[in-house]
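Trainee: For reference, the structure I am asking about is given below.
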Amino acid sequence: MAEDIGAWFKGKLPASWSAGPPDVDSDGDEILVIVTLPDVELAAGTAEEARATARSARIDRFREETRDERVRIAREAERHFRRKVAWGARSGDQVKVFTTLSVPVMTRLRMTERSILDTLVAGGVARSRSDALTWCVRLVGMHQADWIKGLRDALVKVDEVRSKGPLN
């Protein structure tokens, strides 16, 4: 399904928008499309701060100039894939995400688990339990990247086998 979503957006987005195919990521609730813009052309020796400012301005211009078309494409994708669409753009090493979906997640944490989140809040690592939970998920993702990648690869195989089953 992720390949289908990526292919759909690659075929749907105007070629004039980007310097290459968009980065498309998705989960069960949201599709995130990052358009790669052509890098800014500045004189040799331009300071990095000026280059960053120019890239940021290019992204802002893209956001404003493509808003109506992005909304139209997003609405079509939302009907087709039954997920919300978020947009962003990249110019050089600058990335800005314009819209994003914050999905509430119901959890049933026990007291010991809540105390960990409360410790992160008390220690100034996070502003709230929700922020602390996000921090924990990112930390696990960083330290368990290989394991999570293996799990995702296994899920792709499960989907392949399931698609060849008798109900398809």
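The values are calculated or read from the model by the stated rules, or taken from the named source; none is laboratory data. Predicted, not measured: the structure shown is a model, and the values here were computed from it. Glycine also receives a Cβ, built like all others from the backbone with ideal geometry; neighbour counts cover every protein chain displayed. Side chains included, ligands, DNA and RNA excluded: accessible areas come from the protein's heavy atoms. Shrake-Rupley method; radii C 1.70, N 1.55, O 1.52, S 1.80 Å.
Trainee: Quick one: which of THR66, THR100, THR112 is at pLDDT 90 or above and among the β-branched types (Val, Ile, Thr)?
Mentor: Being at pLDDT 90 or above and among the β-branched types (Val, Ile, Thr) holds for just one of THR66, THR100, THR112, which is THR66.
Trainee: Right, ALA89: surrounded by 14 or more Cβ atoms within 10 Å (Cβ to Cβ), in contact with a helix residue (DSSP H, G or I) (Cβ under 6 Å, 6 or more places away or on another chain), in contact (Cβ under 8 Å) with a residue 12 or more places away in the chain and not in a helix (DSSP H, G or I) or not?
Mentor: In short, yes.
Trainee: Which one is most open to solvent (accessible area, probe 1.4 Å), of the residues in the stretch 32-65 that are under 23 Å from the mean Cα position of the chain (by Cα) and of a type in the set (Asp, Glu)?
Mentor: Only one residue tops the list, namely GLU65.
Trainee: In the stretch 45-75, which residues are of a type in the set (Asp, Glu), without any contact (Cβ under 8 Å) to a residue 12 or more places away in the chain and over 15 Å from ASP93 (Cα atoms)?
Mentor: Listed by number, the residues that qualify are GLU64, GLU65, ASP68.
Trainee: Working carefully through the options THR119, THR112, find the one that is loosely packed, with under 12 Cβ neighbours inside 10 Å and polar (S, T, N, Q).
Mentor: Exactly one of THR119, THR112 is loosely packed, with under 12 Cβ neighbours inside 10 Å and polar (S, T, N, Q), namely THR112.
Trainee: Still on this structure: All but one of (1) within 19 Å of LYS12 (Cα to Cα); (2) part of a loop (DSSP other than H, G, I, E, B) hold for ARG108; which doesn't?
Mentor: That leaves (1) as the condition not met.
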